[in-house]
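First the structure, in the form of structure tokens, and then the observations on it.
Every number in this text was worked out from the coordinates using simple rules, so none of it is lab data. All figures in this text were calculated on a predicted structure; none of them were measured in a lab. Don't worry about glycine lacking a Cβ; one is built from the backbone with ideal geometry, like all the others, and counts go over all protein chains shown.
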Amino acid sequence: MEERFEPNIVAFLCNWCSYAGADLAGTSRMQYPPNVHIVRVMCTGRINPLFVVNAFQQGADGVLVSGCHPGECHYREGNYHARRRFTLLRELLVFTGVDRRRFNMSWVSASEGAKWREVVREAVEMAREAGPFEQFRREMIGW
């Protein structure tokens, strides 16, 4: 029997909204795929696009960036900066041959645990459809 590919997803989450929404999903015992590895950041506006590229280099099959809904950023406009920055990054990734399904953005508030669950399910399913990602993978050299 052939094993089903399980993708490795790295998620960069805003501390104030998306991380709290993921926490709500967990404390509410909502079931969602365990494929997501969360990196907590203070604001999506502070995420350097190279963090996304580095996640792919280190073995991620997909990357998710999630923050406060536009207009509700705790740092006033950080999510607007992130939205512009990552829209451009997505187009650059596609230009370099990365499947569009590998990079996702979402807006999840602290009270939206059920939405977080659906965002994770969609990100995992899209990465699963795209298959293993080897394009940017960097060989790790032992010291």
inquiry  = Sequence gap at least 6, Cα distance under 8 Å: using those rules, report the relative contact order of the chain to the nearest whole percent.
reply    = 36
key: Cα-based shape type of the chain, given that a ≥ b ≥ c are square roots of the gyration tensor eigenvalues and the cut on a/c is 1.5   = oblate
query = By how many nm would the segment from Q31 to N48 lengthen if fully extended, with 0.36 nm per residue of separation less the alpha-carbon distance?
reply = 3.1 nm
query = What FRET efficiency, computed as 1/(1 + (r/R0)^6) with R0 = 35 Å and r the Cβ-Cβ distance, is obtained for H81 and E129, rounded to the nearest 0.05?
reply = 0.70
